[in-house]
Amino acid sequence: MVKCVVCQSTIEKGEYCDAHTIAKNNLEKRFSDWQKAYEKMSWKEYLTRISDDADIPVGEWAKEVAIYLLEQNKK
Ligand SMILES: [Zn+2]
C-alpha cells in the first residue's frame, strides 16, 4: 500500500488517489485548451494561475494537485 502524494490517503498503487487522478487528468486537459487561448503559457505559469486564482473554477482537488506539482517543480 502507498499513499496519495497529495492528500495522503491510502491507495493500492501509483501516486494519486482516484479523486486526484481525475483532477490531474482534468488539469492536463484544460492546459491544452489554455495553450490554444494563451499561446506562450508554460505548464508552470498555468499551475501558478490555477493555484493562485480563486476565480478559476477548477475545483479544490485540481487546485491541490496544482499546488503539489508546483512544489515538485521547485525541487
Ligand atoms: Zn488524493
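Laboratory data are not the source of any read-out in this text; all were calculated from the coordinates shown. Keep in mind that what you see is a predicted model, and the values were worked out from it rather than measured. Note: ideal-geometry Cβ built from the backbone for every residue, glycine included; neighbour counts use all protein chains shown.
The set of residues in region 1-41 being in a loop (DSSP other than H, G, I, E, B), touching a strand residue (DSSP E or B) at 6+ places or on another chain (Cβ under 9 Å) and either among the hydrophobic types (A, V, I, L, M, F, W, C) or surrounded by 12 or more Cβ atoms within 10 Å (Cβ to Cβ) (or both) consists of MET1, CYS4, SER9, GLY14, GLU15, CYS17. The single condition among (1) among the aliphatic types (A, V, I, L, M); (2) within 13 Å of the ligand (Cβ to nearest atom); (3) over 18 Å from GLN72 (Cα atoms) that ALA23 does not satisfy is (3). Summed over region 45-74, residues that are surrounded by 12 or more Cβ atoms within 10 Å (Cβ to Cβ) and either over 16 Å from GLU15 (Cα atoms) or among the polar types (S, T, N, Q) (or both) total 12. Scanning region 44-65 for residues that are assigned to a helix (DSSP H, G or I) and free of Cβ contacts under 8 Å to residues at least 24 places away in the same chain gives GLU45, TYR46, THR48, ARG49, ILE50, SER51, ASP52, GLU60, LYS63.
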